[in-house]
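Trainee: Sharing a structure here in structure tokens format.
Where a number appears in this text, it was derived from the coordinates with a stated rule and is not lab data. It should be emphasised that the depicted structure is a prediction, and the values quoted were computed from it without experimental measurement. Backbone-built Cβ (ideal geometry, glycine too); neighbour counts: all protein chains shown.
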């Protein structure tokens, strides 16, 4: 899908919510975990329950990969279910891949062609020739890690040369890469909301994928305040706060309620900023 | 396997060669590509042809992942073939994963438990809490990207704070992480041989996985000169130079010859440095 379709959907659903599908067998409601194809069935039910409030879904690839071939089958079914039943939503493979040239192209083909995701998360450490092969896919989006929401973000991402922090160097350099203006998004953790002001100066128009709201302690209000641009420009992700809102038989309605609560907050911000 | 078993095998085979299994369907000999299970059969034949000269194998996960479930089946068969028939070799999943906490643990389980690799390559950008979950597996090894062999390495890895380049900060900080002294290796590209002197000052005892010899232009002599320590401390990888030495029906003998040629050079260096 295109960015303008994404923006149209944000306006229609009055939401910039991304639901993270971190489907962990150990945390699923028992009646799902003990049934057939638990990973797929859990994801399917979460998707159905939250789709009115979400514009994007982000399966976390590790949780599928951990189960080998069975896990890949569940991932294939999940993305195929999304593409068939909710073609209007934006789909993100949270894979954080990073490798060069031909290898990167192989990863891109796996996620963009084989699985038909709209976007993939990619790590920047190896530089330009590890990211441009993803950007070369003209109908897809690459979401580059800039400033992450975890504690370890401080280890290297704040490494400072001539007053410029590494995550700022990543933003600045990557903007010149082929395809970046049209197809490069960034990951910025919600726990780093105060840095969003600086980030918006560097990439005023880019979409930012923001994890870390909820369980990790990030504030949606702070993220919206510092991060929204006049086309929205944000996808705020919540995983555990929605998908494990209840781990009992009522998990679907609990997930729906948690998603709706976030959507209502988002609607306020979209209204306040005049994005309709 | 343990590090001392790896070192014993290096001494026995008089080699520190790692063969990179970048099995690309488009480059396989035609009679293999057109036969059943081409990825697995190609890898199996390369392994059989080169095992007398190699101490490690490194399947490049992207090349398998690109083919979805079929690719995972080929990967499972390849690692299982290695573990069954060549239990003495060191196996590396070249996956360059990097994610936090529970997600990292899931990746570790996928590669260390589900697939039973000895080691995995990991990216450092997200910091300590993205690497320690891998290091927590006491019978496995984590190979952290430090200075890579590609051109894009210059984009961020040389970012310099107070005279310290980012790859040096990665080496220095990561040494303090839990399990690092025993189980943390590093990736250092062969094209960066002159930096090996500085790297050896920081991590005199760590094993270094060195890609980039051959097709990428790195010199084995320079790598051995600057990188060997008194326990060897190197695994030098060659992929294309061995596995595609011939793309005809004689690919096995061509791969054998290419591997043997590198092993003979390695033997000279091991002798010169008195590592027997």
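Trainee: Answer yes or no: is there a residue in the stretch B:11-25 that is within 30 Å of residue B:224 (Cβ to Cβ), without any contact (Cβ under 8 Å) to a residue 24 or more places away in the chain and not in a loop (DSSP other than H, G, I, E, B).
Mentor: Checked against the condition, which is being within 30 Å of residue B:224 (Cβ to Cβ), without any contact (Cβ under 8 Å) to a residue 24 or more places away in the chain and not in a loop (DSSP other than H, G, I, E, B), the stretch B:11-25 yields at least one hit.
Trainee: Could you list, in sequence order, all residues of the stretch B:25-52 that are touching a strand residue (DSSP E or B) at 6+ places or on another chain (Cβ under 8 Å) and either within 14 Å of another protein chain (Cβ to nearest Cβ) or under 24 Å from residue B:96 (Cα atoms) (or both)?
Mentor: Looking only at the stretch B:25-52, we keep the residues that are touching a strand residue (DSSP E or B) at 6+ places or on another chain (Cβ under 8 Å), and these are B:43, B:46-47, B:50.
The answer is B:43, B:46, B:47.
Trainee: Residues in the stretch A:53-69: is at least one out of contact with any strand residue (DSSP E or B) (no Cβ under 9 Å at 6 or more places or on another chain), at positive phi, in a helix (DSSP H, G or I) and more than 7 Å from chain B (Cβ to nearest Cβ)?
Mentor: So far as the stretch A:53-69 goes, no, none of its residues is out of contact with any strand residue (DSSP E or B) (no Cβ under 9 Å at 6 or more places or on another chain), at positive phi, in a helix (DSSP H, G or I) and more than 7 Å from chain B (Cβ to nearest Cβ).
Trainee: List pairs: first in the stretch A:249-263 and without any contact (Cβ under 8 Å) to a residue 12 or more places away in the chain, second assigned to a helix (DSSP H, G or I), Cβ under 9 Å, 6+ apart or cross-chain?
Mentor: A:254/A:49; A:254/A:242
Trainee: Of all residues in the stretch B:78-96, how many are surrounded by 17 or more Cβ atoms within 10 Å (Cβ to Cβ) and either within 7 Å of chain A (Cβ to nearest Cβ) or outside any strand (DSSP E or B) (or both)?
Mentor: Just the residues of the stretch B:78-96 that are surrounded by 17 or more Cβ atoms within 10 Å (Cβ to Cβ), to begin with: B:78-79, B:82, B:89-96.
After this cut, where a residue has to be either within 7 Å of chain A (Cβ to nearest Cβ) or outside any strand (DSSP E or B) (or both) as well, the list is B:78-79, B:82, B:89, B:96.
Counting residues in the stretch B:78-96 that are surrounded by 17 or more Cβ atoms within 10 Å (Cβ to Cβ) and either within 7 Å of chain A (Cβ to nearest Cβ) or outside any strand (DSSP E or B) (or both) gives 5.
Trainee: Output the number of the condition that residue A:186 fails; it satisfies all remaining conditions of (1) within 27 Å of residue A:139 (Cα to Cα); (2) more than 18 Å from the chain's Cα centre (by Cα); (3) not in a loop (DSSP other than H, G, I, E, B).
Mentor: (2)
Trainee: Also, quick follow-up: For the stretch A:127-146, how many residues are within 8 Å of another protein chain (Cβ to nearest Cβ), outside any loop (DSSP other than H, G, I, E, B) and either within 15 Å of the chain's Cα centre (by Cα) or at positive phi (or both)?
Mentor: Within the stretch A:127-146, residues that are within 8 Å of another protein chain (Cβ to nearest Cβ), outside any loop (DSSP other than H, G, I, E, B) and either within 15 Å of the chain's Cα centre (by Cα) or at positive phi (or both) number 1.
Trainee: Related question: Anything in the stretch A:103-126 that is touching a residue at least 24 places away in the same chain (Cβ under 8 Å) and within 8 Å of chain B (Cβ to nearest Cβ)? List them, or say none.
Mentor: A:104, A:107, A:115, A:123, A:124, A:125, A:126
Trainee: Looking at A:149, A:176 in this structure, which one is touching a residue at least 40 places away in the same chain (Cβ under 8 Å) and assigned to a loop (DSSP other than H, G, I, E, B)?
Mentor: Details: A:176 fails: touching a residue at least 40 places away in the same chain (Cβ under 8 Å).
Of A:149, A:176, the one residue that is touching a residue at least 40 places away in the same chain (Cβ under 8 Å) and assigned to a loop (DSSP other than H, G, I, E, B) is A:149.
Trainee: Looking at the stretch B:147-166, which of its residues are surrounded by fewer than 21 Cβ atoms within 10 Å (Cβ to Cβ), facing another protein chain (nearest Cβ under 8 Å) and touching a strand residue (DSSP E or B) at 6+ places or on another chain (Cβ under 8 Å)?
Mentor: B:160, B:161
Trainee: Which members of the stretch A:189-206 meet the condition of being outside any loop (DSSP other than H, G, I, E, B) and in contact (Cβ under 8 Å) with a residue 40 or more places away in the chain? Give the steps one after another, and end with the answer.
Mentor: Here is the first cut: in the stretch A:189-206, the residues outside any loop (DSSP other than H, G, I, E, B) are A:190-202.
Residues satisfying the conditions are A:190, A:191, A:192, A:195, A:199.
Trainee: Separate question: Answer yes if at least one residue in the stretch B:190-197 is more than 15 Å from the chain's Cα centre (by Cα) and surrounded by fewer than 19 Cβ atoms within 10 Å (Cβ to Cβ), and no otherwise.
Mentor: Yes: one or more hits.
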